[in-house]
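Bear in mind these aren't lab numbers, they're just calculated from the coordinates by the rules spelled out. Predicted model only: the values in this text are computed from it and were never measured. As a convention, Cβ positions derive from the backbone with ideal geometry for all residues, glycine included, and neighbour counts pool all protein chains shown.
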Amino acid sequence: MTAFKDLIVQLCEPFPKEVHEPRHDGHGTYIPIHIYLQRLNEVAGEHWTHERIGEPIFYMEDKIVHTVVKVSILKRSHMGEGFSKFQVDDKGKIINRHYAIRSATKDGIRDAISFFGMGKPLQDTTRSMSPADITNNKQVSTIMTARTCVKCNAALSEHDLNELSTLKIKFDYCTDHIPKHLKRKSAFS
């Protein structure tokens, strides 16, 4: 019988530097989704699944599709959000609809598995705060900076965290990558 803890330890192994690719925006590196999927298939095999929850939402103004994905490993699950740009023709019709949905779904898988701790050092995802940690500002700020943007993997600053709190956004985005629709949605709350 496969134990969840054993799978998570293997899934959360650091990725080798060779698989990191430079970001298109020039801000750091990222790990391509096929590397995550390869690790999931090799380590968890038949013990992991994913499903898209609900229908994709297309934001025509921003030309972005949004999906919600549920990833399960053994009997534990996490939800993730995925976003992808799409293209339209001169009549406003989406020309890469299926590719955009698939890309957003893969982004959602990456987001969901980050909640299992994949792609981050295991100690960052399993660390709990004791009362001593809460009273020690140095330790608290260290914990806060361990949070990273789901889009660019950059460490979140105090400003980023305050903005997320103000907008009531539960996912970790740096201020540069907060999706426009989440900013609008929060403005009406």
*Determine, for 152, 174, the number of other Cβ atoms within 10 Å of each Cβ, and report the residues in order from fewest to most.*
152, 174
_Using distinct alpha-carbon pairs, which all enter the 1/r mean, Kirkwood radius of segment 44-115 in Å_ = 12.6
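Pull out the extension gain between residue 181 and residue 41, defined as 0.36 nm times the separation in residues minus the alpha carbon to alpha carbon distance; nm, one decimal.
47.1 nm
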_Test item: Cα-centred dipole of segment 1-118, Lys/Arg +1 and Asp/Glu -1 on Cβ, debye_ = 180
*Cβ under 9 Å from residue 150's Cβ, residue 150 left aside: what net charge do those residues give with Lys, Arg +1 and Asp, Glu -1?*
-2
*For segment 1-99, just run the numbers: alpha carbon Rg, then divide by 2.2 N^0.38 Å, N being how many residues it has.*
1.35
*Between residue 2 and residue 62, what is the spin-label point distance in nm, taking each point 7 Å from the Cα along the Cα→C-beta axis?*
3.4
*For the modelled label position 7 Å from the Cα of residue 89 along Cα-to-Cβ, which residues of segment 62-77 have backbone nitrogen atoms closer than 20 Å?*
63-65
*For each pair in 93/168; 70/151; 17/106; 70/180; 106/180; 17/151, compute the distance between the two Cα atoms and list the pairs where it is over 30 Å.*
93/168
